[in-house]
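Here the structure is laid out as structure tokens; the discussion comes afterwards.
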Amino acid sequence: LQVSDLQSTLKEGDYLRVHHTPRRFPLVYNYSWTSDKQDDSKGVVVARDDDKGYWVIDKPAHVPVHPTVDNVFENVASMIQHARQDQGENDVYVTTPQRLDQNTSGLFVVATSKPFAAYFAKLLRRKTDQQLASNSSISDAIHKRYKCLVCLIDSGSGWSVATAMHRLQKYADEQRVMRHYLEPSIRAPKHFAATPGNDTWVESLLRIKNVGPTCPLVGSEAGRDLATVLWSDKDTIPTKCVAVVEVEVELLTGRTHQIRGQLSAEGFPLVGDAQYGGAITKEKDGELKSMHYIHSDQLALQCAQLEFLDPDVIVKNDGTEVLVPSDRWNTFQLHECWWTSLIEKYQAQSSTNDVVTTNLGDIGRALDMREIESGEHDSDRETQHDLLPPRVQLTPGAHKYIMVKATRPSEKEDQWFVKSAAPSECGGPYHANVAKDLVEWLQAAGCDTMVTGGGRIEYKPETQEACVYGFSYGFGKGDHEKAASIISEWSNGSIKATYDNSDSLY
């Protein structure tokens, strides 16, 4: 029931649906829905063409675009309609011909005339049909690009920031289409899979256009501060999330939760996305939790660029108007996301802090060095054991360490090596610098090598103690227990080697 229904009379057989705990979206009252974004800090209007019948707005997060069954008022369409009526406009028409998730922000088209609503809906259908027919990255009707902040989450053995970034960067460098199939369902979260379960599953396509720099969250005050503001509650930060990175995505098809679901299926959930692994669900005090709704922090997803063909108005013989595509493009762009200033602050802090030392160059070198064959595969040739380096090399103090597995094709048993070094000894501050000389030494001795992980070792020669902890952004987290065992065995027990597997240590 609405206020206009107060004088209505109920009759036998009438059906009433009562929502005793309706979902509320109070943030709608923080904005001026008819004001230009440039002229009013609370304004949301980016552009408007009243002759053609559309507005482009910067939709805030946590606001649905259309009415829900339990809240018909607190949404984009209703707020714009009522704001225009409050300004004295008559016969106001407002509808939303496209979708944008409640927690997603950014550019959004609102139709203020029926002809444009039909026109834009047709453009969207045409875009999806063309992509599925040709798998082309270019649509001649509409282009949409999104920016998002994704989590790099340690998934266990063999994972490292290097391997994760390599996968992301490869998509961008090769401009390959990321393809998944969406299982039909009215419930969320949606299920996206690499192969369809049956012929009812729909194809979902996107393309990664750019990958930003890695922002490590562990091992520095700047990283911890960034994590705190991105998630707003430290208890909701995903377990083993060690870094975040900004990704720019071109959406090729328009499926529900597509970017969120596809990137999560690839192992890169969006920051703040509790439904797809980018946040830990936490029930707020006094808040009833719906079976089909999971509260999210502010989602790090924004529609940052929108282009569509400007329509021409054609008047038909019966006097009605219809819109048809012209060859002119309308282009709209947002230059900042809600997290942009947070990343800039983090980068400024990191530039004056040498605690966390990693960059794309280091990650690339680590990836290249992770597993290397010696090139000597003569089964009759034996490893030159007299040329092998010491199994353990430790530098006093707290320094980065790496662990290397060395093998010969003609021998069954692996040999393990542990090395820590100060930057002044190994030529640089990265784990790849620590590994370089050791890997080259082992290769010269006829071994294939694999850097299995790393972290830090605090070695105190005066007390003969060594503590193994932390992780490597390039090589992944080392087997600290094994490293401590190798140190103890190598020293015949004279070094008391311990380890700490805490995820918060770098």
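Per-residue SASA remark: residue 11, around 150 Å² accessible (1.4 Å probe; ligands, DNA and RNA not included).
Could you work out how much longer the chain between residue 341 and residue 114 gets when fully extended? Use 0.36 nm per residue separation minus the Cα distance between them, nm to one decimal. If you can, show how the numbers build up before the last one.
Details: separation 227, 0.36 × 227 = 81.72 nm, distance 3.90 nm.
Length gained, residue 341 through residue 114: 77.8 nm.
Using alpha carbon coordinates only, what is the Rg to Rh ratio of the range 180-259, with Rh defined as the Kirkwood radius?
Numbers: Rg = 16.6 Å, Rh = 15.2 Å.
With Rg and the Kirkwood Rh in hand, the quotient comes to 1.09.
Solvent exposure of residue 99, expressed as accessible area, is near 140 Å², computed with a probe of 1.4 Å over the protein chains only. Helix 431-444 versus the longest principal axis of the chain: what angle, 0 to 90°, nearest 10, using Cα atoms? Helix 431-444 sits roughly 50 degrees off the main axis of the chain. Local charge sum around residue 112 (other residues, Cβ-Cβ under 14 Å, Lys/Arg +1, Asp/Glu -1)? With Lys, Arg at +1 and Asp, Glu at -1, the neighbours total -2.
Taking one quarter of the surface of the convex hull spanned by the alpha-carbon atoms of the range 25-72 gives a direction-averaged projected area of 3.9 nm².
With a cap of 10 neighbouring Cβ atoms within 10 Å, and only residues DSSP puts in a loop, list the chymotrypsin sites (Phe, Trp or Tyr not before Pro) found in the range 1-71.
Details: sites: 15, 29, 31, 33, 54, 55; in loops: 15, 31.
Answer by residue number: 15.
Counting Lys and Arg as +1 and Asp and Glu as -1, what is the net charge of the other residues whose Cβ lies under 10 Å from the Cβ of residue 32? Walk me through the numbers on the way to the answer.
Working: positive: 37, 42; negative: 36, 39, 40.
Counting the neighbours of residue 32, the net charge comes to -1.
Overall, the ratio between the Cα radius of gyration of the range 412-506 and 2.2 N^0.38 Å, rounded to two decimals, is 1.08.
Find, among the trypsin sites (Lys or Arg not before Pro) in the range 412-499, those assigned to loop by DSSP (not H, G, I, E, B) with at most 13 other beta-carbon atoms within 10 angstrom.
On the way: sites: 412, 419, 436, 456, 477, 482, 496; in loops: 412.
Filter output for the range 412-499: 412.
In the chain, the longest principal axis of the Cα atoms and the axis of helix 340-351 are about 20 degrees apart.
Helical content of the chain, expressed as a calculated mean residue ellipticity at 222 nm, amounts to -7000 deg cm²/dmol (DSSP H runs of 4 or more residues, -39,500 (n - 2.57) each, divided by residue number, nearest 500).
Largest first, what is the accessible-area ranking of 451, 72 with a 1.4 Å probe?
Final ranking, largest accessible area leading: 72, 451.
What is the Cα radius of gyration of the range 74-185 over 2.2 N^0.38 Å, N being its residue count?
In units of the 2.2 N^0.38 Å rule of thumb, it is 1.50.
Among 128, 281, what's the order by accessible area (1.4 angstrom probe), most exposed first?
Working: 128 25, 281 55 Å².
Of 128, 281, the descending order of accessible area is 281, 128.
Partner lysines whose Cα lies under 25 Å from the Cα of residue 234, excluding those fewer than 8 positions away in the same chain, are identified as 147, 282, 284, 289, 345, 477. The calculated FRET efficiency for residue 328 paired with residue 9, based on their beta-carbon distance and R0 = 56 Å, is about 0.55.
For the chain, the longest principal axis of the alpha carbon atoms and the long axis of helix 360-369 meet at an angle near 50°.
If the cut-off is 22 Å between C-alpha atoms, which lysines fall inside it for residue 114, apart from same-chain ones fewer than 8 positions away? Cross-link targets: 52, 59, 122, 127, 316.
Relative intensity of the chain on a log10 scale, I(q)/I(0) at q = 0.06, 0.09, 0.10, 0.11 Å⁻¹, equals -0.39, -0.76, -0.88, -1.00, per a Debye sum over C-alpha point scatterers of equal strength in the absence of solvent. Positive contributions from Lys and Arg (+1) and negative ones from Asp and Glu (-1), summed over other residues with Cβ under 15 Å from the Cβ of residue 208, come out at +4. Computed over protein heavy atoms with a 1.4 angstrom probe, the accessible surface ordering of 473, 171, 499, largest first, is 499, 171, 473.
The values are calculated or read from the model by the stated rules, or taken from the named source; none is laboratory data. All figures in this text were calculated on a predicted structure; none of them were measured in a lab. All Cβ positions, glycine included, derive from the backbone under ideal geometry; neighbour counts span all protein chains shown. Each accessible area value is taken on the protein alone, full model and side chains, heavy atoms only, with ligands, DNA and RNA left out. Shrake-Rupley method; radii C 1.70, N 1.55, O 1.52, S 1.80 Å.
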